[in-house]
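One structure below.
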Amino acid sequence: MRERAETRLSIFYGYPAALIARWCGVSVKTARDWKAGRRKPSRQALRLFALYRDGRVLEEAWRGWRVTETGIVDPDGNVTTLPQLRGYFLLLQWAGELASRDPTTQRQWWELMGRRA
């Protein structure tokens, strides 16, 4: 019976209790108990953990951003659609290729790309 409990709780393997606690909104002690198999997490806690683990929840650095059915919305309300996001990568590659034709423009390009918003 113990082997089953460990297999079921393997979702937490490799994650520190403090991170599990933060993601699931529980105390570090509760997270430790879940990892040790002393307590069973709720289905909701397991689902929430899986959402964070799989990168489907925006972290604190993305405060003010939202993901909707139509795209990602910045804090100013601007919507960027999935096709726009996919095209953005290609556009940056193309602009970088154009910039590489002139040393001064290329230096400016890399300065621009290194600039933080």
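No value in this document is a laboratory result; all are computed from the given coordinates. Everything quoted here is computed from the prediction, not taken from an experiment. Counting neighbours? That spans all protein chains shown, and the Cβs are built from the backbone with ideal geometry, glycine included.
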Seminar exercise, completed: Percent relative contact order for region 66-114, counting Cα pairs under 8 Å at least six residues apart, stands at 17 percent
For this session: Mind giving me the FRET efficiency for R43 and Q108? R0 is 35 Å, r the Cβ-Cβ distance, nearest 0.05 is fine.
Result: 0.10
Exercise. Which whole-number percent is the relative contact order of the chain (Cα, under 8 Å, 6+ apart)?
Worked result: 11 percent
Problem set entry | Furthest towards positive pole of dipole, T81, L51, G114, structure part the chain, Cβ charges | L51
For this session: Work out Dmax and Rg for the chain from the C-alpha atoms and quote the Rg first, both in angstrom.
Result: 21.6, 68
Exercise. If each of A61 and N78 carries a label point 7 Å out from its Cα toward its Cβ, how far apart are those two points in nm?
Worked result: 1.9 nm
